[in-house]
Amino acid sequence: MNSIVRSTAVVASLAAALTTASCAVRPHAMVSQSSTGDRPIAIALVGNNPHVLSLDAEALASGVNAERAKRGLRALQRDPGLDRIANAKAIDMVARGYFGHTDPSGVTFEERMRGWHWPSQYVAENIAFDSSEPNAQRAFLNSPPHLANLIDPHEQRIGVAVVTVGSGETFYVEDFSN
């Protein structure tokens, strides 16, 4: 069975931005393209008390639908199942101190979706590690592969999670499906 799976990940200058403590300004866009077989980036998080940011997740989903509306595309419906999958991914990245579609054990996005028994053959994911929801949203919109996921006309549903450990260390996950 052929699955159509697209994924993108934040890899641009993330390690340098996180290890340079004296850097006063973090890079604006920390999003770039990778493949489904990407390697996770280890992150030494400063914060240690994860919080789910429901209002930021709602704002992220609203931003996706606003961009789709500008292009004459129908709005995506929030899906509780995709929200759970996105939340589990964000929490896993926090708990294990990494960033990537593929986890440190080598489990890929496609394998993760199969593990959740997701019924669709078409899924996509955007992830970001950024200091705020507006910055993450802007980074997704300014990255061609992430934007392609946002405005794909085949998608019908979205799941979103935003989890922070504080100090601008926040994980943003968008999962898309038809």
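Non-local amide H neighbours of ASP152 (under 5 Å, H modeled in plane, Pro and chain starts lacking H): which ones?
Distant-sequence amide H within range of ASP152: zero hits.
Accessible area of HIS154, 1.4 Å probe, to the nearest 10 Å²?
120
How large is ³J(HN,Hα) for each residue in the stretch 40-57, as worked out from phi by the Karplus curve 6.51 cos²θ - 1.76 cosθ + 1.60 (θ = phi - 60°), to whole Hz, x for Gly and Pro?
x, 9, 6, 10, 8, 6, 7, x, 9, 10, x, 10, 7, 9, 4, 5, 5, 5
If you count only protein heavy atoms and use a 1.4 Å probe, how large is the accessible surface of THR102, to the nearest 10 Å²?
10
First compute the accessible area of the stretch 41-178 with a 1.4 Å probe, then give the percent of it belonging to carbon and sulfur atoms. Write down the numbers at each step before the final one.
Working: 3120 of 5750 Å².
Exposed carbon and sulfur together represent 54 percent of the surface.
The values are calculated or read from the model by the stated rules, or taken from the named source; none is laboratory data. On a predicted model such as this, the values are computed, not experimentally measured, just so you know. To get the accessible areas, we keep the full protein, side chains included, count just its heavy atoms, and leave off ligands, DNA and RNA. Shrake-Rupley method; radii C 1.70, N 1.55, O 1.52, S 1.80 Å.
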